[in-house]
Each structure stands twice: as structure tokens, then as C-alpha cells.
There are 4 protein chains.
Amino acid sequence: MPAPMSQYPYTEDKTSLLARMRKIEGQAKGIERMIEDNRYCIDIAQQLSALSAATDEVSLLILQSHIEGCVANAIREKRGESHIKELMTVLRKAMRR
Amino acid sequence: MPAPMSQYPYTEDKTSLLARMRKIEGQAKGIERMIEDNRYCIDIAQQLSALSAATDEVSLLILQSHIEGCVANAIREKRGESHIKELMTVLRKAMRR
Amino acid sequence: MPAPMSQYPYTEDKTSLLARMRKIEGQAKGIERMIEDNRYCIDIAQQLSALSAATDEVSLLILQSHIEGCVANAIREKRGESHIKELMTVLRKAMRR
Amino acid sequence: MPAPMSQYPYTEDKTSLLARMRKIEGQAKGIERMIEDNRYCIDIAQQLSALSAATDEVSLLILQSHIEGCVANAIREKRGESHIKELMTVLRKAMRR
């Protein structure tokens, strides 16, 4: 039985991914404080853009791990088709289409 | 002297905006847990898309308040030009261009 | 009766906007040829990204003209509310939300 | 020597991809006419969004063919790494990050 660690290759960069998520949490808290303090809308909008960009960066890292790991394995084991379909659904969403 | 409440009209929906930001924080924490638990990459990617969408929703609300408030005031007081320039810079970033 | 030229301020940069649209047409034709010639998918994808970016650039210019012109006029004439609502709908779409 | 048809799998849907590109060209021409005719900015902005969406749809189809074809072949032939790196660069651009 494969351990989860080997099953999902994103666990390789788990520490870095977790650090990124904690930073995103911090950004969300910071924006909350800016709203509480009635800070200028444009400054808040810029911080929201930064949060959104940081989130998409994690998505790209997760998707890269997924392609290098799960999708590549599935292709080697000749069951790539459904994995590629699933991947495309997520990419479409990530591209917002 | 204008109170901050009247200065920045997004404060009208401040409670709702703060609730949205707290929800986003919760989403970030949830994704952190998913990564810790080695959850399936595609499920994580979908949650990251949801977080990014929720963030952009707050941006749109903030920008709407900004246009209805600060930008509209500036236009009425014949100093709209610089506000529109500033707004376009943020919109370009929000459109990721 | 206002002439269309004064009605829609984007006509100021009409020549430049038309030139941009003709360039976009040319980009579309170029990509068509690349597909016909069985060119490498990644090269085609990059040209499609460039076409999409050029299109969004025109959107931003049109929206800026619209805000500076129609929306600003409407605000000055105290009928800004519906124009801002309409603008937000388009911005939401442009931000793909 | 591999024939282009087998080399680039997007050629499978070549007719459909070419039809989509011709439609995009037509959309660009239509927007050009709208600008020439001083049509309402919001209507033009909406048509630009549609053109951009149609372009991204072709990108997704090309990328899917690329993953199913070139990337999958490369993975099976144990030279997937560079193809996945290249793919990620394009995805990052397609996600506008």
C-alpha cells in the first residue's frame, strides 16, 4: 500500500507550500485590518491582487507536482486519459474559462 | 474634518467585507490542512481557485465602492482625472495585464 | 442632438483603436497559418496568449475612455448610479468573475 | 521521418481549430466595425471579452492536445521533465501569472 507521502508528490515541497499558505493567511488578516482601519480602497485593492497572485502561485506549484507525479504515473501506466481530462477541467477553471 | 467612515464609502459594507475576509482566512487555513493531510492535488487546486475567486469578489466590491465614492466625488469636484488614472492602474492589475 | 463623435469619447483614439484591432486580426490570421502548417503547440499557445493580451489591452483603453467620458458625464449629471452598475458588470466579466 | 500529423496531435482537430480561428478573425473585424461606427463602449467591451474568451478556448484545446500528445509521449520515453517545465511556463502565462 503506497503511503500518502509517495502518492502525492506535492508533499516534496510540503514545507514550502505550507509556508506559502500561512503567508496567504497573514495577507488575508492584513487586509481585514486595513478594512477595519478604513484604509484607502486602492491600497486594499492592491493587497487583494497580491493575495490572489500568491494563491495562483500555489495553484501552479500544486499543478506542476500533479503533472510530474500523478499524471505522469498514469500516462506511464496507460491510464493517462482520465487524468488529463481531470487536469484540463482544473486548468480551465484556473484560466477562468 | 471628515470622519474615516464618510471618507471611504466601502465602510458602508464594512461588516460584510470583514466577514468575507474572515471566510477567505478560513479557506486559506482549510487548504493548509489539506496540504498537511496529503490530500489529492486536484481537490487542493479547486479550493485554491475558490479562494482566488472569493478574493477577486472582494476586489470588485471595493472597486465599486471606490468608483461610487472617491472617484465620483473627485469627478464632481473636477479633479477626476488623476483618480481615473489610478483606478485604471488597479483595473489593469486586476485584469492581470 | 449630440453627434456620435462627441457622444463616445473613445472616438478620440479611434485611429489607434482601429490599428490595434487590425493588428489583432493579423495575429488571428497568423495563428491560423501556424495551425495549418502543424507548428509546435507551445508556439501556437504563446501566440494565442499574445492575442488575448492585445485584446484585453483594447478593452482597458475602451473602458478608460468610457469612465472618462460617459461615466464621468453621468456622474456630473447626477445619473451616475446606473452607469456605475453597468460598468461593474463589464469589469466583473473582464476580471472573469 | 514522422509526418506532421503524427508529430503534433492538435492536427486531429485541425479543421475545428481553423474554424475557431476564422471565427475569431470575424469577431475582430466586427469589433473594428463597431469602433468605426462609434458604437457604445460597453457593447464593444463585451465583444472584446467574447473574443478573448474564444481565444482562451483555443489555447485550452491546443494545450490539451499538447499534453495528450507531445507531453505524454515524452513521459513514456522518459524525457518528460523538460516538456513539463515548458508546459508550466505556458500555463503560468495562460493563467497570467
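The values are calculated or read from the model by the stated rules, or taken from the named source; none is laboratory data. It should be emphasised that the depicted structure is a prediction, and the values quoted were computed from it without experimental measurement. Using ideal geometry, Cβ is built from the backbone for each residue, glycine included, and neighbour counts are taken over all protein chains shown.
Quick notes on this structure:
- Only listed residue being over 12 Å from the mean Cα position of the chain (by Cα) and either under 30 Å from B:His66 (Cβ atoms) or at pLDDT 95 or above (or both), chosen from A:Arg39, A:Arg20, A:Arg92: A:Arg39
This table checks each residue for (1) touching a Lys or Arg at 6+ places or on another chain (Cβ under 6 Å); (2) hydrophobic (A, V, I, L, M, F, W, C).
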residue: C:Met21; (1), (2): no, yes
residue: C:Ala28; (1), (2): no, yes
residue: C:Arg33; (1), (2): no, no
residue: C:Glu36; (1), (2): no, no
residue: C:Ile44; (1), (2): no, yes
residue: C:Ser49; (1), (2): yes, no
residue: C:Ala54; (1), (2): no, yes
residue: C:Ile62; (1), (2): no, yes
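- Among the helices (runs of 4 or more DSSP H) confined to the stretch A:31-97, the ones with at least 3 residues that are out of contact with any Cys (no Cβ under 9 Å at 6 or more places or on another chain) and at the interface with chain B (Cβ under 9 Å from one of its Cβ atoms) are located at A:41-66, A:80-94.
- In the stretch A:41-97, the residues that are surrounded by fewer than 17 Cβ atoms within 10 Å (Cβ to Cβ) and at positive phi: A:Lys78
- First in the stretch C:47-59 and more than 18 Å from C:Arg33 (Cβ to Cβ), second anywhere and outside any helix (DSSP H, G or I), Cβ under 7 Å, 6 or more apart: C:Ala53/B:Arg97; C:Asp56/B:Met95; C:Asp56/B:Arg97; C:Glu57/B:Arg97
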